[in-house]
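Undergrad: Can you keep this structure in mind? I'll have questions shortly.
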Amino acid sequence: MGSLNYGALNLIFLTFLLITIDSTALPHQNPKSNSTQINSNSVLVALLDSHYTELSELVEKALLLQTLEEAVSRHNITIFAPNNEALERQMDPEFKRFLLEPGNLKSLQNLLLFHIIPSRVGSKEWPREDFESVAHHKTLCVDEADNHLPLTRGNSGEKIVGGLARVTRPDDVIRPDGLIHGIERLLVPRSVQEDFNRRRSLASISAVLPEGAPVVDPRTHRLKKPATPVPAGAPPALPVYDAMAPGPSLAPAPAPGPGGPRHHFDGESQVKDFIQTLLHYGGYNELADILVNLTSLATEMGKLVSEGYVLTVLAPNDEAMSKLTTDQLSDPGAPEQIMYYHLVPEYQTEESMYNSVRRFGKVQYDTLRLPHKVVAEEADGSVKFGQGEGSAYLFDPDIYTDGRISVQGIDGVLFPMEEPTEKPASKVAPTTAPKVVAKQRRGKLLEVACSIVGVFGQDSHFTSCY
């Protein structure tokens, strides 16, 4: 009986030992494993192998493959894919540069996730044309406050995404776990647009004054003490005239001093923006052509703004520029001198100038054409520049204002007042008066001598006695 109990105990022990060995030898099966296996027939694989090469390249640069794999493993997805032309040619180069910067990875991810819906929405699920309804679908962009894409129909029945992009290739790629629609343009969420605008705003950049090499005092042979630090964004220490080029079309203004490539105003971009604004505004093409093609003023203005200076441009419209004669533009440096007289080294808006002339009557503003100044006064509820027939009115106020450059449209070309030269009071030639020879006076001694000689009748022999 005891031997049977001992054998039963050994059998139970061997069974437990085999179960333990099997459990340790076999891998642990976890249905929710971290590594998600994607099928070769997945919509993600189709996206990477499709003709949407620009979009697939951005997905890889945004490090979104793992996120999208997890999304596909949970549910179907619908991808609205912009074509290559929309991402390569139609996108603003500065906006694309912003998305590809390493510090803006989150903005790039939000932009791409805004094009993906975590559900299957085919062309048949689109709102019908006869029903004026809008279907809102939530996107994968969780950081966006309004992360819903509206799907609508156009007037001619075409499918519209986000109210802007037209679907050019509906159901372009169909897979069991999702599908891809081709659209004609990029969809930009509000959060990404605000990040881009905030980066370009003046609050995120500051000016740094040029820092020169250390200077040795010749008297003490010691290094001179550096000047007190200037807070970022303060106006430059030198006047704007010292930073200008030595003469028109001779040399550009000096580049920003050694202060590092960061934290300084991007004057060239700001000048480019205001010239593009003039072209889009219309009626100022002649001025833009003079700034860019006929002169080097655009480059000079950009470098002045990069150094921290501010400018107000009194921009004559095309009608005023067409009145310039050939003689006024034929002299060497004439276009530069005309434009210099329209550049005020201050930041003035329509409101600030109008308040000044209302309060002080006439206001004289310095210009970059030394030593001439432009006179402004209030007239007919607006601001009038200049005097007499060469005056011009503020025609298009605040065409461009960014805190550094202000562009005010005027309806005439200004010229400095010529100083009056002294002229004779009458044009009649003065009559020449006849010469009158004064008779010499004789002294008393000579008179006495002549009287004595006259007594003897000899005064005729002396000419002085007549």
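The values are calculated or read from the model by the stated rules, or taken from the named source; none is laboratory data. Keep in mind that what you see is a predicted model, and the values were worked out from it rather than measured. With ideal geometry, Cβ positions are generated from the backbone for all residues, glycine too; neighbour counts draw on all protein chains shown. Ligands, DNA and RNA are excluded from the accessible area calculation, which covers all protein heavy atoms including side chains. Shrake-Rupley method; radii C 1.70, N 1.55, O 1.52, S 1.80 Å.
Undergrad: Apply the Karplus curve 6.51 cos²θ - 1.76 cosθ + 1.60, θ = phi - 60°, to the phi angles in the stretch 94-110 and return the couplings in whole Hz, x for Gly and Pro.
TA: 5, 5, 5, 4, 5, 5, 8, 6, x, x, 10, 4, 5, 5, 5, 5, 5
Undergrad: Accessible area of residue 310, 1.4 Å probe, to the nearest 10 Å²?
TA: My reading of the accessible area for residue 310 is about 40 Å².
Undergrad: Put 124, 303 in order of accessible area, largest first, 1.4 Å probe: what do you get?
TA: On the way: 124 185, 303 45 Å².
Solvent-accessible surface, decreasing: 124, 303.
Undergrad: Could you list which residues have their amide H under 5 Å from that of residue 173, counting only those 5 or more apart in sequence or on another chain, with H placed in the peptide plane?
TA: 180
Undergrad: Once amide H atoms are built 1.01 Å from N in the peptide plane, which residues 5 or more positions from residue 137, or in another chain, come under 5 Å H to H?
TA: Amide H to amide H, under 5 Å and 5 or more residues apart or across chains, residue 137 pairs with 149, 151.
Undergrad: Still on this structure, I have one more. With each pseudo-label sitting 7 Å past Cα toward Cβ, what's the residue 61-residue 168 distance in nm, one decimal?
TA: With each label point 7 Å from Cα toward Cβ, the separation is 2.0 nm.
Undergrad: Separate question: Calculate one ³J(HN,Hα) per residue across the stretch 311-324 by plugging θ = phi - 60° into the Karplus curve 6.51 cos²θ - 1.76 cosθ + 1.60, and present them in order as whole Hz with x for glycine and proline.
TA: Once rounded to whole Hz, the list reads 9, 10, 9, 8, 9, x, 7, 5, 5, 6, 5, 5, 7, 5.
Undergrad: Can you send over the solvent-accessible area of residue 75, 1.4 Å probe, protein chains only, in Å² to the nearest 10?
TA: 60 Å²
Undergrad: Still on this model: Around residue 410, which amide H atoms from residues at least 5 apart in sequence, or from another chain, sit under 5 Å from its own amide H, with H modelled in the peptide plane?
TA: The answer is 315, 317, 395, 396.
Undergrad: Provide the solvent-accessible area of residue 380, counting protein heavy atoms only and rolling a 1.4 Å probe, rounded to the nearest 10 Å².
TA: It works out to around 140 Å².
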